[in-house]
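Only one structure is covered here, and it is reproduced in the block below.
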Amino acid sequence: MRLLLMGPPGAGKGTQAAAIAERFGVPAVSTGDIFRANVAGLTPLGRTARRFMDAGEYVPDEVTNAMVADRLAEADCDAGFLLDGYPRTLQQVTALDEMLERDGAALDAVVLLEADPDELVRRLLLRAQQQGRADDTDAVIRRRLDVYAGETAPLAAEYDGRRLLATVDGLGAVDEVAQRILAALASLSARPVSR
Ligand code: AP5
C-alpha cells in the first residue's frame, strides 16, 4: 500500500498517520517530523530547514525531494509507505512520480483531510500552549495556512484527476476520523477502474 495523507496544518495528518500506517503494515513517513528531528539534532539539514519552518514557509523542493528519496530507499518502505505531508508542491508531485517510476511502483490512494480554518487555528493554538512548537504562533499559523492554500490545495485536483483522491471530514473524535479514512480507502479501492 502506497498512501499519501494531505491536508492543511492542524487537519490531523500526524494524528491519523500512525494508526492508518499500522493498519496497512507500512511505515508512516512525515517530512515535518524528519525535519524537526534534524532541527533538534542540529544537523546541516536541520539548520537549513529551520529558517523556513520557523517562518511558516516550505523547505525548498530540492532539499525536501532528496530527503524523501533517501527515506523511501530504506528497506522498510519496499512494500509500501504512508507519506504524511509530502508532496506539497507540483514539483514534489513530479519528483515522487519519478521515484515511484524508477521502482516500478505506483500510488494506491491519496487521502485529503479537511477541517474549517477556525478549527485548524483553534487546534494549533491549543497545541502551542501544550507543546510550544516553534511554528504554532498566531502569525506563523496564518502564514502556514496561506502557503497551504496557494501551493498544496491545488494538488488535490491533480490526484482527483488520477482517480486516487478520497476526501475525508477531519472534524470529530480522532477514532471517528480514522474510521472515516478507512471507509473512504475501502470505497476508493472498490471503485471501477476507468479506461
Ligand atoms: P508539518 O509538521 O507537516 O506541519 P503541518 O503540515 O503544518 O501540519 P501539523 O503537524 O501542524 O498538523 P497535522 O495536520 O499533522 O495535524 P496534527 O495531527 O499534528 O510540517 C512542518 C513544516 O515542515 C512545514 O511548515 C514546512 O516548513 C516543513 N515541511 C514539511 N513537509 C514539507 C514538504 N513536503 N515540503 C516543504 N516543506 C515541508 O494535529 C494538530 C493538533 O490537532 C494536535 O494538537 C492534535 O492533537 C489535534 N487534533 C488532531 N486531530 C484532532 C481531532 N480530530 N479533534 C481535535 N483535535 C485534534
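Laid out as a table, the results:
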| quantity | calculated |
| --- | --- |
| Hits in region 60-89 - residues which are part of a helix (DSSP H, G or I), surrounded by 13 or more Cβ atoms within 10 Å (Cβ to Cβ) and either in contact (Cβ under 8 Å) with a residue 60 or more places away in the chain or of a type outside the set (A, V, I, L, M, F, W, C) (or both) | Asp61, Thr64, Asn65, Arg71 |
| Test for Arg47: is it more than 11 Å from the ligand (Cβ to nearest atom), touching a residue at least 12 places away in the same chain (Cβ under 8 Å), charged (D, E, K, R) and part of a helix (DSSP H, G or I) | no |
| Residues being near the ligand (Cβ under 10 Å from one of its atoms) and either part of a loop (DSSP other than H, G, I, E, B) or open to solvent by 50 Å² or more (accessible area, probe 1.4 Å) (or both) - total across region 90-124 | 4 |
| Matching residues in region 159-180 - criterion: being open to solvent by 70 Å² or more (accessible area, probe 1.4 Å) and more than 15 Å from the ligand (Cβ to nearest atom) | Asp160, Arg162, Arg163 |
| Selected residue [within 10 Å of the ligand (Cβ to nearest atom), touching a residue at least 40 places away in the same chain (Cβ under 8 Å), open to solvent by less than 70 Å² (accessible area, probe 1.4 Å) and not aromatic (Phe, Trp, Tyr)] from Arg144, Arg133 | Arg144 |
| Subset tally (residues that are free of Cβ contacts under 8 Å to residues at least 24 places away in the same chain and among the hydrophobic types (A, V, I, L, M, F, W, C)) for region 50-59 | 1 |
| Hey, Ala66 of a type in the set (Gly, Ala, Ser), more than 14 Å from the chain's Cα centre (by Cα), within 13 Å of the ligand (Cβ to nearest atom) and at pLDDT 95 or above or not | yes |
| Counted residues, region 1-42 - those being touching a residue at least 60 places away in the same chain (Cβ under 8 Å), more than 24 Å from Arg162 (Cβ to Cβ) and within 7 Å of the ligand (Cβ to nearest atom) | 4 |
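The values are calculated or read from the model by the stated rules, or taken from the named source; none is laboratory data. In this text the structure is predicted, and so the values were computed from the model without any measurement. Quick reminder, even Gly has a Cβ in these numbers, built from the backbone with ideal geometry, and neighbours come from all protein chains shown. Side chains included, ligands, DNA and RNA excluded: accessible areas come from the protein's heavy atoms. Shrake-Rupley method; radii C 1.70, N 1.55, O 1.52, S 1.80 Å.
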